[in-house]
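The values are calculated or read from the model by the stated rules, or taken from the named source; none is laboratory data. Values in this document were obtained by computation on a predicted structure and should not be read as measured data. Backbone-built Cβ (ideal geometry, glycine too); neighbour counts: all protein chains shown. Surface areas here come from the heavy atoms of the whole protein model, side chains and all, with no ligands, DNA or RNA. Shrake-Rupley method; radii C 1.70, N 1.55, O 1.52, S 1.80 Å.
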Amino acid sequence: MSTVLTTCPYCGCGCGFYLHTEHNKLVGVTPSQEHPVSRGTLCVKGWNAHEMVHHPERLKYPMIRENGVLRRASWEEALDFTARKLQEIRDKYTTESIGFFTSAKVTNEENYVMMKLARGVFLNSNIDHCARL
Amino acid sequence: MTNSINEFQNAECIFVIGSNTTEQHPEIGARIIEAAKKGAKIIVCDARSIRLVKYAAVHIKQRNGTDIALLNGIMNVIIQEDLYDKQFVAERTENFDALKTLVAKYTPEYVSKITGVPADDIIKAARIYATHKKSMIAYAMGITQHICGVDNVKTVANLAMLTGHVGMESTGVNPLRGQNNVQGACDMGGLPNVFTGYQKVTDEPVCQKFEKAWGVTGIPRKVGKTVTDMLAMAHKGELKALYIMGENPMMSDPDTKHVEDALKHLELLIVQDIFPNETTALAHVVLPGCTFAEKDGTFSNTERRVSRVRKAIEPIGESRQDWQIICDLAQRLGYPMKYSSWADILREINELTPSYAGITPERLETGFGIQWPCPNKDHPGTPYLHKGKFTKGLGTFVPCEHIEPNEVPDAEYPLTLTTGRVYWHYHTGSMTRRTNLLERECNQNFVEIHPDTAKSLNVRNGETVIVETRRGSIEIPTKITDEIVPGLIFVPFHFTEAKVNLLTNPAHDPVGKIPEYKVCAARIRKKG
Ligand code: SF4
């Protein structure tokens, strides 16, 4: 079994806990005793934070809508399709006809590259997330 | 938050408004209880009898949507009774006279009429908050999710400045951020008006700095559109494509029907997420991101602590870390983003963001994170803000008038509906509702009703009723409880089987664009 110290994915308290894994599978969570926020405790959401990761409904591959239904696609195909469509829309209308919703769930680094994609690549300030909701 | 989580347990007074802290921020709730047990006075302002009420010296049940009136009333008492911090007001603030003039009319009696709170309670709360040295304010969405959300926040700040409860340990204005990385998404410029670290897009030197670092020209100097604006544009056919990462507006946004129409108008909807949901169901392309356990990077908590997220397992299926997906797209768009890891990205953030400059990947390897602002590699981080001076110099009082909610009860819709969360679940429920224990504890939506209201409607506990507003209706079982005031009903927003956002009012704050989830007019009908 191996353990990794990480940060809770739920509320804004930001508790620190250890994720326990066995053969690339999460088996449990224990709070960090020394972490200034969690101090050896967690709420029920934190204690169970590992479970949803292996839920069978996880999205496991890219999908593209065809004739009204989503079908499995390779990463190459999905990324090519997405990039081509975004370019077409930018060229046909304006870059401002595109919007970006970044996320309060993903990491800082991921938010940063999304922001860079909007502002730096699309020269577009239409970026927001649901902080308000 | 201006201050830190570990300052709560040492406070002498904690003023909680619009936050069900023990359920939504359990670690902070626990500290408030710890403080209460050590003798701190707790003031709870909430129409529901949340758990903290058990520890409260005063429980104020203001009518939903009357926070400004209440806070102005408290400030009226503080000024009348000469309890404000004259030295702080003189040395560190401006515009006090305007505040004094405005709050003069908000006498406890006048405020009592607007809010339904006994005048004595307003006076009591004012005295407790003002006369303790270490008084902290904590608030959450109960303050922001109103058409006057921005004015609510300003009014909270007025109160803290008036009493000098700023810039010291165990004081301050402490918004409790709901999602794990809302703070970080804002810090990283995931907002229409700022780059990282709140550097304004309207600031020419800032734009030039980013253009130079990114090797591009033509970054727009104007503010972009908010979520609310973009959805409205999509509805009108002005927005053609939307790239949504890790959000489910079909569950989280008000007036679901309107959102659905808006998303259906798009020529291209890209959704990147970890589970299928109501929004991926409308997507043209679905890109599988991975969860916190499968990625490396950082989150920023509500006290501005930047902490490591560490990968424990390989991504499930073909899912990929969200940053890698974005970089792969950028590559195809002719703008290669060559990062070998999260650390490369954080180093770029360090270079471009003064408040994050010293929060380097190397420093985060040990310890438990660093609180920004952290301007250089030797800086220890900042547990509380505004020590000795506000960032902008003087703190400006911005007096605000009470306004009525956009929709108030009337003969047709006589009840007030408010929404929120429960302890067991999180946000739209996409993760917690896939967790056995949490789902076992709470697997069904409910509407909380006061026994008197239930009696007048002739409904029983657990009976499935129809809750309706001008926007829609849902079927939902009742939960009769005297923990809510008569005339008010509460429904959590986690449950896709009875989506409360079919009912909520999309009317929003003109500046903050926050929808008024906390108040709309509703009625309850018996089924059949
Ligand atoms: S364990 Fe609970 S209190 Fe701690 S961050 Fe997670 S959700 Fe919040």
Using a 1.4 Å probe, what is the accessible area per residue for chain A, in Å²?
-> 35 Å²
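Filter the trypsin sites (Lys or Arg not before Pro) in segment B:431-528 to those in DSSP coil with at most 16 other Cβ atoms within 10 Å of their Cβ, and list the result. Mind dumping the intermediate values first?
Working: sites: B:ARG433, B:ARG434, B:ARG440, B:LYS455, B:ARG460, B:ARG470, B:ARG471, B:LYS479, B:LYS499, B:LYS513, B:LYS518, B:ARG523, B:ARG525, B:LYS526, B:LYS527; in loops: B:ARG460, B:ARG470, B:ARG471, B:LYS499, B:LYS513, B:LYS518, B:LYS527.
Sites meeting the loop and neighbour criteria: B:ARG460, B:ARG470, B:LYS527.
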Given a cut-off of under 8 Å on Cα pairs at least six residues apart, what relative contact order in percent is computed for chain B?
-> 16 percent
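Can you tell me the accessible area per residue over segment B:219-377, all protein chains present, probe 1.4 angstrom, in square angstrom? Show your work: numbers first, answer last.
On the way: 4890 Å² over 159 residues.
Each residue of segment B:219-377 exposes 31 Å² on average to a 1.4 Å probe.
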Could you pull out every residue, at least 5 positions away or on a different chain, whose amide H is within less than 5 Å of the one on B:GLY189? Hs are placed 1.01 Å off N in the peptide plane, and Pro or chain starts have none.
-> B:GLY197, B:TYR198
Return the long-range amide H neighbours of A:ASN126 (sequence gap of 5 or more, or a different chain), with a cut-off of under 5 Å between placed amide H atoms.
-> B:LYS225
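Quick check: with the 1.4 Å probe, what order do B:ASP255, B:ASP203 take by accessible area, largest first?
Values: B:ASP255 25, B:ASP203 65 Å².
Sorted descending by solvent-accessible area, the residues read B:ASP203, B:ASP255.
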Overall Cα dimensions of segment B:107-177 - principal axes, largest extent first, Å | 35, 30, 15
Counting all Cα-Cα pairs in the protein assembly as shown, those more than 32 Å apart amount in percent to 49 percent
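At 37 °C and 0.692 mPa s, what whole-number value in µm²/s does Stokes-Einstein give for the translational diffusion of chain B, with Rh from the Kirkwood sum over Cα pairs? Show your work: numbers first, answer last.
On the way: Rh = 24.7 Å.
It diffuses with D of about 133 µm²/s by this estimate.
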Within straight cross-link reach of B:LYS54, meaning Cα distance under 25 Å, which lysines are found once same-chain residues fewer than 8 apart are removed?
-> A:LYS45, B:LYS37, B:LYS38, B:LYS41, B:LYS124, B:LYS133, B:LYS134, B:LYS479, B:LYS518
Tell me what the protein assembly as shown gives for mean residue ellipticity at 222 nm when only DSSP H runs of n ≥ 4 count, each as -39,500 (n - 2.57), the sum divided by the residue total, rounded to 500 deg cm²/dmol.
-> -8000 deg cm²/dmol
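So what's segment B:5-176 giving for Cα Rg divided by 2.2 N^0.38 Å, two decimals?
Details: Rg = 14.6 Å, N = 172, 2.2 N^0.38 = 15.6 Å.
Ratio of Cα Rg to 2.2 N^0.38 Å: 0.94.
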In whole Hz, the Karplus estimates of ³J(HN,Hα) for segment B:187-203 (6.51, -1.76, 1.60; θ = phi - 60°; x where Gly or Pro) are 4, 8, x, x, 9, x, 10, 9, 8, 4, x, 6, 7, 6, 6, 8, 9
Expressed as a whole-number percentage, the relative contact order of chain A with C-alpha contacts under 8 angstrom and at least six residues apart is 13 percent
Computed on Cα atoms, the radius of gyration and Dmax of segment B:385-472 in angstrom are 20.9, 59
Using alpha-carbon positions, what is the distance between the centroids of segment A:95-133 and segment B:480-502, in Å?
-> 32 Å
Tell me, what ³J(HN,Hα) does each residue in segment B:505-513 have, in order and in whole Hz, if you take phi through Karplus 6.51 cos²θ - 1.76 cosθ + 1.60 with θ = phi - 60° and put x for Gly and Pro?
-> 8, x, 3, 9, 5, x, 9, x, 6
Take the eigenvalues of the Cα gyration tensor for segment B:83-125, scale each by 5, and report the square roots as semi-axes in whole Å, largest first.
-> 25, 13, 6
Nearest 100 Å², what total accessible surface is buried between chain B and chain A (probe 1.4 Å)?
-> 10800 Å²
Based on the Cβ-Cβ distance of B:GLU109 and A:ASN67, what FRET efficiency does E = 1/(1 + (r/R0)^6) give at R0 = 51 Å, to the nearest 0.05?
-> 0.15
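Between Rg and the Kirkwood Rh of segment B:8-85, both from Cα atoms, what is the Rg to Rh ratio? Can you show the working numbers first?
Values: Rg = 13.0 Å, Rh = 13.1 Å.
Rg divided by Rh gives 0.99.
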Calculate what fraction, in whole %, of the accessible area of segment B:182-371 sits on carbon and sulfur atoms when a 1.4 Å probe is rolled over the protein chains.
-> 51 percent
Relative contact order (percent, whole number), segment B:5-176, Cα cutoff 8 Å, 6+ residue spacing = 29 percent
Label zone at B:SER473, where the point sits 7 Å out along the Cα-to-Cβ direction: segment B:502-528 residues whose backbone N lies under 15 Å | B:502-503, B:522-528
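Which percent of the accessible heavy-atom area of segment B:7-146 goes to carbon and sulfur, probe 1.4 angstrom? Write out the running numbers ahead of the final one.
Numbers: 2480 of 5070 Å².
That share works out to 49 percent.
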Average accessible surface area per residue within segment B:77-201, 1.4 Å rolling probe, Å² | 34 Å²
List, largest first, the extents of the alpha carbons of segment B:117-239 along their principal axes, each in whole Å.
-> 59, 36, 26
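Where in segment B:326-389 are there GluC sites (Glu not before Pro) that are in a DSSP coil and have at most 10 other Cβ atoms within 10 angstrom of their Cβ? Provide the component values of the computation, followed by the final result.
Numbers: sites: B:GLU348, B:GLU351, B:GLU362, B:GLU365; in loops: B:GLU365.
Hits after loop and neighbour filter: B:GLU365.
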Convert each backbone phi in segment B:86-96 into a coupling constant with the Karplus relation 6.51 cos²θ - 1.76 cosθ + 1.60 (shift: θ = phi - 60°), then list the ³J(HN,Hα) values in order as whole Hz, x for Gly and Pro.
-> 5, 5, 4, 4, 5, 8, 10, 10, 9, 6, 4
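Restricting everything to alpha-carbon atoms, can you work out Rg to Rh for segment B:415-526 with a Kirkwood hydrodynamic radius? Could the numbers behind the result be given before it?
Details: Rg = 14.0 Å, Rh = 14.4 Å.
Result: Rg/Rh = 0.97.
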Could you give me the percent of Cα pairs per 5 Å distance bin for segment A:63-129, shortest bin first, beginning at zero and ending with the bin that holds the maximum distance?
-> 4, 16, 19, 21, 22, 16, 4, 0
Nearest-0.05 FRET efficiency for B:LYS527 and A:THR30 at R0 = 41 Å, using Cβ-Cβ distance, is 0.35
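Out of the total accessible area of segment B:415-526 (probe 1.4 Å, heavy atoms of protein only), what percent is carbon and sulfur? Present the calculation step by step, with values, prior to reporting the outcome.
Numbers: 1980 of 4210 Å².
Answer for segment B:415-526 is 47 percent, counting heavy atoms of protein chains only.
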Could you give P(r) for chain A, binned at 10 Å from zero, as whole percent values over all Cα-Cα pairs?
-> 10, 26, 30, 22, 11, 1
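Can you give me the convex hull volume of the Cα atoms of segment A:2-54, divided per residue and expressed in Å³? Display every interim value, and only then the final one.
Details: hull volume 3.4 nm³, N = 53.
Value for segment A:2-54: 64 Å³ per residue.
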Compute the acute angle (0 to 90°) between the alpha-carbon long axis of helix A:75-92 and the principal axis of greatest extent of the alpha-carbon atoms of chain A; round to the nearest 10°.
-> 50 degrees
All-pairs Cα distance distribution in segment B:182-371, expressed in whole percent, bin size 10 Å = 8, 29, 38, 23, 2, 0
Calculate I(q)/I(0) for segment B:267-419 by the Debye formula, one identical point scatterer on each C-alpha and no solvent, and give its log10 at q = 0.16, 0.21 Å⁻¹ to two decimals.
-> -1.01, -1.28
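Over all directions, what mean area does the Cα convex hull of segment B:342-406 project, stated in square nanometres?
Working: hull surface 31.9 nm².
Average of the hull's projected areas for segment B:342-406 equals 8.0 nm².
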Non-local amide H neighbours of B:VAL447 (under 5 Å, H modeled in plane, Pro and chain starts lacking H): which ones?
-> B:THR478, B:LYS479
